[in-house]
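Below you'll find the structure, written out as structure tokens, and then a few comments.
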Amino acid sequence: MAMSTAADARPKWALVVHGGAGVIERKHLKPEQETAYRDAMARVAEAGAEVLKRGGSALDAVEAAIRLLEDDPLFNAGRGAVFTAEGRNELDASIMDGSNVKAGAVAGVTTVRHPISLARAVMERSPHVFLVGDGAETFAGTQDLERVEPGYFFTERRWQGLERELKRQGLPIPPRPAGAPPPGQAAADLAHDEDGGRNSGLIDLNKKFGTVGVVALDANGDVAAGASTGGTTAKRWGRVGDSPIIGAGAYASNRSCAVSATGTGEFFIRLTVAREICALVEHKGMSLQAAADQVIQKDLTALQGDGGVIAIAPDGDMAWSFNTSGMYRARIADGQPLVVGIYKDDP
Ligand code: ASP
């Protein structure tokens with residue numbers, strides 16, 4: 001599934017958002033769930049657009065939009081993140097400024113409400129690009145960032161998703177995290193089930209994602225990209241996916257484009273998906289859509305990796321491409337209407 005805006009449209013600003021790609025078909029979503037996801041995508045795209053309309057930078061828009069997604073338990077980022085096999089939420093995020101190719105990233109953080117803002121702090125207020133685990137937490141303590149108890153990130157459906165996955169793998173179920181409500185007391189939620197939907201034991205867990213990402217172009221002509229995730233359900237041994245890896249899960253350069261990815265991180269790392277798309281644009285002169293399709297529909301698919309990307313270019317061109325049945329997504333640009341999609345056959 002691919003999309004491109006008309007090449008001659010040159011909006012002053014533009015923004016594309018995604019909320020994860022995976023096995024997402026009409027039969028998997030109740031009408032109220034579909035509405036909740038569409039509303040969330042629209043709300044976040046419009047909030048990012050507001051920042052750009054007010055003359056804010058692409059970086060500001062990316063951070064603001066991702067913070068909203070990190071607060072929304074529908075998505076696998078911040079509150080609502082998936083659990084590790086040990087029953088923890090270990091969060092990864094990255095952000096990149098295309099105007100100067102500066103970048104910041106964090107992995108395995110457990111007490112920062114908005115990992116995307118910590119990634120930005122790494123970029124702007126540390127001499128480094130990528131901080132992990134305890135060191136990232138220590139750095140967070142030196143910054144003006146909201147900290148939360150690890151139980152803040154807990155959602156019942158993600159816990160149930162973990163239990164199902166651990167049972168499937170024959171691994172022990174860890175105790176519920178401190179601060180989590182007792183089983184059975186969690187409010188029903190609208191989130192898409194981890195296994196892809198009601199009565200669908202056939203759906204492969206690994207084919208349903210939920211990472212979030214945003215790319216933006218501002219009135220200055222600068223592009224930026226960001227990504228935030230809890231990673232993959234029942235991840236082990238300090239596993240880190242592509243989302244916080246600059247060039248894999250996100251990349252931005254005014255010389256080419258800004259890209260944010262979602263999918264099986266191990267494949268996205270091996271293909272350096274985000275940078276590869278920008279390199280095809282920069283060095284081969286490919287259109288944004290053609291470059292995204294080359295990497296997702298051909299290279300990723302050939303390796304049997306699953307997922308998708310959103311992308312934006314300094315000329316206002318926008319693209320998305322995914323090889324799964326769905327990707328939660330929206331785009332909006334100056335003078336162009338908001339477009340929200342979930343399924344392959346959405347516009
Ligand atoms: N790419 C993420 C990871 O591998 C997962 C996702 O996009 O859902 O950590």
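Overview of results
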read-out	value
Subset of the stretch 224-234 (residues that are among the hydroxyl-bearing types (Ser, Thr, Tyr), within 6 Å of the ligand (Cβ to nearest atom) and touching a strand residue (DSSP E or B) at 6+ places or on another chain (Cβ under 8 Å))	Thr229
Selection from the stretch 40-70 of residues that are within 13 Å of the chain's Cα centre (by Cα) and acidic (Asp, Glu)	Glu63, Glu70
Count of residues meeting criterion [over 16 Å from the mean Cα position of the chain (by Cα) and over 16 Å from Leu166 (Cβ atoms)] in the stretch 79-98	2
Enumerated strands (runs of 3 or more DSSP E) restricted to the stretch 1-116, each holding at least 2 residues that are surrounded by 24 or more Cβ atoms within 10 Å (Cβ to Cβ) and touching a strand residue (DSSP E or B) at 6+ places or on another chain (Cβ under 9 Å)	14-22, 91-97, 102-109
Failed item, numbered, when Pro174 is tested on (1) closer than 23 Å to Gly80 by Cβ; (2) at pLDDT 95 or above; (3) assigned to a helix (DSSP H, G or I)	(3)
Filter result (modelled with pLDDT of 95 or more and away from the ligand (no atom under 16 Å from the Cβ)) within the stretch 13-34	Trp13, Ala14, Leu15
Count of residues meeting criterion [surrounded by fewer than 17 Cβ atoms within 10 Å (Cβ to Cβ), more than 16 Å from the ligand (Cβ to nearest atom) and among the small types (Gly, Ala, Ser)] in the stretch 117-145	3
Of all residues making up the stretch 259-273, the number that are crowded, with 24+ Cβ neighbours inside 10 Å and either more than 7 Å from the ligand (Cβ to nearest atom) or closer than 19 Å to Val62 by Cα (or both)	5
Of all residues making up the stretch 132-173, the number that are closer than 30 Å to Lys30 by Cβ and more than 23 Å from the chain's Cα centre (by Cα)	7
Residue identified as surrounded by 24 or more Cβ atoms within 10 Å (Cβ to Cβ) and within 21 Å of Asp242 (Cβ to Cβ) among Ser325, Ser321	Ser321
Residue list for the stretch 235-252, filter: more than 8 Å from the ligand (Cβ to nearest atom), crowded, with 24+ Cβ neighbours inside 10 Å and among the small types (Gly, Ala, Ser)	Ala248, Ala250, Ala252
Within the stretch 67-101, tally of residues that are among the basic types (Lys, Arg) and within 16 Å of Ser243 (Cα to Cα)	1
Where a residue in the stretch 20-46 is within 19 Å of Thr324 (Cα to Cα) and its partner, wherever it lies, is away from the ligand (no atom under 16 Å from the Cβ) and modelled with pLDDT of 95 or more, with Cβ under 6 Å and at least six apart	Arg38/Val340; Met41/Ala330; Met41/Val340
Meets criteria (away from the ligand (no atom under 15 Å from the Cβ), in contact with a helix residue (DSSP H, G or I) (Cβ under 7 Å, 6 or more places away or on another chain) and modelled with pLDDT of 95 or more) for Ser256	yes
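The values are calculated or read from the model by the stated rules, or taken from the named source; none is laboratory data. These figures come from a predicted structure and were not determined experimentally. Glycine also receives a Cβ, built like all others from the backbone with ideal geometry; neighbour counts cover every protein chain displayed.
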